[in-house]
1. Would you mind telling me which numbered condition in (1) open to solvent by less than 50 Å² (accessible area, probe 1.4 Å); (2) more than 15 Å from LEU207 (Cα to Cα); (3) of a type in the set (Gly, Ala, Ser) ALA178 fails?
2. Please go through the range 72-93 and give me each residue that is in contact with a strand residue (DSSP E or B) (Cβ under 6 Å, 6 or more places away or on another chain) and under 17 Å from ALA284 (Cβ atoms), ordered by number.
3. Being touching a Lys or Arg at 6+ places or on another chain (Cβ under 6 Å) and basic (Lys, Arg) is true for just one of ARG94, ARG65. Which residue is that?
4. ASP361 versus (1) open to solvent by 20 Å² or more (accessible area, probe 1.4 Å); (2) more than 28 Å from ALA298 (Cα to Cα); (3) not in a strand (DSSP E or B): which is the lone unmet condition?
5. Just one of (1) assigned to a helix (DSSP H, G or I); (2) open to solvent by less than 30 Å² (accessible area, probe 1.4 Å); (3) of a type in the set (D, E, K, R) trips up ARG388, so point out which.
6. Going residue by residue through the range 340-358, is there one that turns out to be open to solvent by less than 20 Å² (accessible area, probe 1.4 Å), part of a helix (DSSP H, G or I) and touching a helix residue (DSSP H, G or I) at 6+ places or on another chain (Cβ under 8 Å)?
7. Looking at the range 94-113, which of its residues are open to solvent by 20 Å² or more (accessible area, probe 1.4 Å) and either more than 15 Å from PHE282 (Cα to Cα) or part of a helix (DSSP H, G or I) (or both)?
Amino acid sequence: MITAKASLQKGLDVYSIRQQFPILNRKVKGKPLVYLDNAATTQKPQVVIDALVNYYGNYNANVHRGIHTLAEEATQAFEATRDAVQQFIHAASREEIIFTRGSTESINLVAYTWGRKNIQAGDEIIISHMEHHSNIVPWQILCEEKSATLKVIPVNDAGEMIFEDYLKLLSPKTKLVAVMHASNALGTINPVKQIIDAAHKSGAMVLIDGAQSAAHLYIDVRQMDVDFFVFSSHKVYGPTGVGILYGKKNILEAMPVFHGGGEMIKEVTFEKTTYNDLPYKFEAGTPNIADTIAFKAALDFINETGKDNIRRHEEELLHYATNQLQQVPGLKIIGTAKDKVSVVSFVISKMHPQDIGILLDNSGIAVRTGHHCAQPLMYRFGIPGTVRASFAVYNTIEEIDGLIAGLHKTIKMLS
């Protein structure tokens with residue numbers, strides 16, 4: 001068994017980390033909170049909360065436009081986050097980092113701008129069977145509008161993409177491959193480097209949805225040679241309402257603008273508007289300043305904790321949880337891929353996931369139940385949904401033991 005003490009010996013003091021997250025001290029229905037819904041959103045360390053309060057308490061001002069001290073301080077802090085993101089994903093330049101409201105808006109931005117310019121009738125876009133709705137629906141809308149075809153990479157019974165079938169789908173008609181780095185529903189890690197290389201050989205561009213990988217895996221967009229990479233702040237210990245669109249500079253420069261308004265222009269007359277340079281041409285209007293500034297504190301937290309330490313700890317939690325869950329009577333794990341992030345989904349015979357989730361909540365245990373915004377994947381496995389436990393750096397073996405005890409209690413009540 002890997003205990004918090006063992007993790008401490010390996011360089012990660014989980015108890016010290018937990019003290020940085022004030023919400024973990026609260027109780028739910030009289031029981032200590034066990035938060036295992038991290039794939040939906042992670043909790044926030046005190047440094048992120050402090051950064052929000054510090055902005056509003058000391059230098060609240062709009063960015064990029066004012067010449068007074070507060071405006072300059074706000075702009076400096078806002079742009080420091082862009083630099084931090086560039087370093088976090090190893091982008092070549094800060095101009096390649098576009099702030100959005102989240103992964104969903106980032107994908108929609110690419111579909112609306114790059115897609116409407118470059119997708120024509122008869123073209124093909126490839127996604128996978130395990131995609132989140134946010135990486136399905138924008139492409140469906142685009143394909144319907146342009147009379148293009150959406151093709152789907154199947155998955156096997158383990159929840160892994162069938163790579164041979166992906167290669168067969170690629171053709172000269174393929175203009176874009178858009179797949180997730182890691183599955184939010186199953187935890188499967190996709191072989192994105194091989195996917196990107198194969199797509200490029202076929203002449204297609206690639207968008208990788210990193211919403212479920214950015215907090216767990218080492219991200220190097222140049223090493224991947226990916227054309228677009230998207231992720232959200234709130235799944236990497238940052239605030240909600242901030243997303244990232246990375247794009248290769250030459251591709252972003254050639255793309256039409258997204259929203260019109262202030263900030264994204266150089267000059268406006270009634271006859272013609274000229275647009276701003278990257279990254280501002282895609283950032284119309286007053287941005288989400290406070291949350292963007294606080295996002296840097298989240299990235300600093302990850303860097304100081306160490307991605308390798310986080311990954312190692314989460315792998316230990318996943319391994320332990322998987323072994324313990326497999327011993328629960330009637331329980332079946334959905335998604336048994338060889339490579340996974342710290343997500344484990346399961347069903348229990350003759351029990352609805354929602355009933356299980358409600359009873360676990362009565363014990364203070366927060367898990368996600370349902371289709372996880374991946375209905376086609378649930379249909380693939382012939383189930384309405386699953387119970388999903390997902391782990392973060394602050395979770396412990398003792399909390400997993402609490403989950404297992406809660407499941408035994410639930411089974412006894414529902415049987």
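1. (2)
2. Correct list: ARG82 only.
3. That would be ARG94, the only listed residue that is touching a Lys or Arg at 6+ places or on another chain (Cβ under 6 Å) and basic (Lys, Arg).
4. Of the numbered conditions (1) open to solvent by 20 Å² or more (accessible area, probe 1.4 Å); (2) more than 28 Å from ALA298 (Cα to Cα); (3) not in a strand (DSSP E or B), the odd one out for ASP361 is (2).
5. Only one criterion in (1) assigned to a helix (DSSP H, G or I); (2) open to solvent by less than 30 Å² (accessible area, probe 1.4 Å); (3) of a type in the set (D, E, K, R) is unmet by ARG388, namely (1).
6. Yes; the residues of the range 340-358 include at least one that is open to solvent by less than 20 Å² (accessible area, probe 1.4 Å), part of a helix (DSSP H, G or I) and touching a helix residue (DSSP H, G or I) at 6+ places or on another chain (Cβ under 8 Å).
7. Of everything in the range 94-113, those that are open to solvent by 20 Å² or more (accessible area, probe 1.4 Å) and either more than 15 Å from PHE282 (Cα to Cα) or part of a helix (DSSP H, G or I) (or both) turn out to be ARG94, GLU95, THR104, GLU105, ASN108, TYR112.
Per-residue answers, yes or no, for (1) free of Cβ contacts under 8 Å to residues at least 60 places away in the same chain; (2) out of contact with any Phe, Trp or Tyr (no Cβ under 9 Å at 6 or more places or on another chain); (3) open to solvent by 20 Å² or more (accessible area, probe 1.4 Å); (4) in a strand (DSSP E or B):
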{"residue": "VAL47", "(1), (2), (3), (4)": "no, no, yes, no"}
{"residue": "LEU52", "(1), (2), (3), (4)": "no, yes, yes, no"}
{"residue": "TYR56", "(1), (2), (3), (4)": "no, yes, yes, no"}
{"residue": "VAL63", "(1), (2), (3), (4)": "no, no, no, no"}
{"residue": "ILE67", "(1), (2), (3), (4)": "yes, yes, yes, no"}
{"residue": "GLU73", "(1), (2), (3), (4)": "yes, no, yes, no"}
{"residue": "PHE78", "(1), (2), (3), (4)": "no, no, no, no"}
{"residue": "ALA84", "(1), (2), (3), (4)": "no, no, no, no"}
{"residue": "PHE88", "(1), (2), (3), (4)": "no, yes, no, no"}
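The values are calculated or read from the model by the stated rules, or taken from the named source; none is laboratory data. Predicted, not measured: the structure shown is a model, and the values here were computed from it. Positions of Cβ are generated from backbone atoms using ideal geometry, with glycine treated the same way; all protein chains shown enter the neighbour counts. Side chains included, ligands, DNA and RNA excluded: accessible areas come from the protein's heavy atoms. Shrake-Rupley method; radii C 1.70, N 1.55, O 1.52, S 1.80 Å.
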